[in-house]
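Student: Handing you a structure now.
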Amino acid sequence: MSNTQQMVKELVDKHGNDRTNLMAILQGVIDRERSLNDEAITEIAREMDLSAAQVYGTASFYTFLDTQPRGEYVIRVCRTITCDMKGKREILHMLENLLKVNVGETTPDKKFTLLETNCLGWCHKGPAMLINDKAYTELTVEKVKDIITEIKHNS
């Protein structure tokens, strides 16, 4: 039994193989592996008696369920009009320059992935971004530069 098979079996045993538990199982794989690969999707489908297309369709619908490998630090910049009006474009441009990647890409060292995502729930304090599970609000170009510099320095 592969590590992926074992992990999926443990998650299905914990949550149950009813389709209503699919999100919890997908999130469990993300928590452990940071992304959902083809083997995990196929194994979830087998364990839950679903088609791989059903599992992949659910996983790919939600932007926080990554179906491709991501960096150690996943930066998600809010793309709402509110954050846009408060300077999100400058923030995104600064991140692209600092990381030397475009939106949707991962740095060659696999340290950072830069993404845009739908509302993070911080529009009242925009522009906002999420780095892994930590929210950063009321961003300025200077704040972003400090945040990225600190992460690079501490890792």
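Student: Restricting to DSSP H runs of at least four residues, report the calculated mean residue ellipticity at 222 nm for the chain, -39500 (n - 2.57) per run over all residues, nearest 500 deg cm²/dmol. Walk me through the intermediate numbers first.
Tutor: Values: 7 runs with 77 residues, N = 155.
Here the helix-only value at 222 nm equals -15000 deg cm²/dmol.
Student: For Thr4, Thr82, Thr113, what ranking results if the residue with the fewest other Cβ atoms within 10 Å of its Cβ goes first? Mind showing how you got there, number by number?
Tutor: Values: Thr4 19, Thr82 16, Thr113 24.
By the 10 Å Cβ count, ascending: Thr82, Thr4, Thr113.
Student: Ok, one more. With θ set to phi - 60°, apply the Karplus curve 6.51 cos²θ - 1.76 cosθ + 1.60 along the range 30-43 and write out the HN-Hα couplings as whole Hz, x wherever there is a Gly or Pro.
Tutor: 4, 4, 8, 10, 6, 7, 9, 8, 4, 5, 5, 4, 5, 5
Student: Here's another thing I want to ask about it. Could you tally the net charge around Val74, taking each other residue with its Cβ under 10 Å from the Cβ of Val74, Lys/Arg +1 and Asp/Glu -1?
Tutor: Taking every Cβ under 10 Å from that of Val74, the sum is 0.
Student: About its Cα centre, what dipole magnitude does the range 73-154 give when the only charges are +1 on Lys and Arg Cβ and -1 on Asp and Glu Cβ, stated in debye to the nearest 20? Each step should come with its number before you reach the end.
Tutor: Details: 13 positive and 11 negative charges, 12 e Å.
Charge dipole, the range 73-154, about its Cα centre: 60 debye, nearest 20.
Student: So for Thr149, Thr107, Thr80, fewest C-beta neighbours within 10 Å to most, what's the order?
Tutor: Working: Thr149 11, Thr107 15, Thr80 20.
The most exposed by this proxy come first: Thr149, Thr107, Thr80.
Student: Given the peptides 126-138, 54-66, arrange them by the average over their residues of other C-beta atoms within 10 Å, most packed first. The partial results should precede the final answer.
Tutor: On the way: 126-138: 17.8, 54-66: 15.3.
By packing density, highest mean first, the sequence is 126-138, 54-66.
Student: Structure shown: which of Lys9/Lys152; Lys14/Lys110; Lys88/Lys111; Lys88/Lys110; Lys14/Lys111; Lys9/Lys134 lie over 28 Å apart, alpha-carbon to alpha-carbon? Please list the in-between numbers first.
Tutor: Details: Lys9/Lys152 36 Å; Lys14/Lys110 31 Å; Lys88/Lys111 22 Å; Lys88/Lys110 24 Å; Lys14/Lys111 31 Å; Lys9/Lys134 30 Å.
Violating the 28 Å limit, Cα to Cα: Lys9/Lys152; Lys14/Lys110; Lys14/Lys111; Lys9/Lys134.
Student: Which one, Leu50, Leu26, His93, projects farthest toward the positive side of the charge dipole computed for the range 1-93 from Cβ point charges (K/R +1, D/E -1)?
Tutor: His93
Student: Ranking Val101, Val77, Val141 by Cβ neighbours within 10 Å, fewest first, what do you get? Mind dumping the intermediate values first?
Tutor: Values: Val101 18, Val77 24, Val141 15.
By the 10 Å Cβ count, ascending, the order reads Val141, Val101, Val77.
Student: Same structure again: Taking 0.36 nm per intervening residue step and subtracting the Cα-Cα distance, what contour gain separates Met23 from Glu90 on full extension? Please list the in-between numbers first.
Tutor: Numbers: separation 67, 0.36 × 67 = 24.12 nm, distance 3.44 nm.
Going from the current span to full extension adds 20.7 nm.
Student: Taking the chain as a whole, which cysteines find no other cysteine Cβ under 4.7 angstrom from their Cβ?
Tutor: If one checks each Cβ against the other cysteines of the chain, Cys119, Cys123 turn up with nothing under 4.7 Å.
Student: Be a star and scan the range 69-107 for residues whose amide nitrogen sits under 18 Å from the point 7 Å along the Cα-to-Cβ vector of Lys134.
Tutor: Within reach of a label on Lys134: 71-78, 95, 99.
All of the numbers you see were taken from the coordinates with simple rules; none came from a lab. This one's a predicted model, so the numbers in the text were calculated from it and none came from an experiment. In this analysis, Cβ positions are derived from the backbone assuming ideal geometry, glycine residues included, and neighbour counts consider all displayed protein chains.
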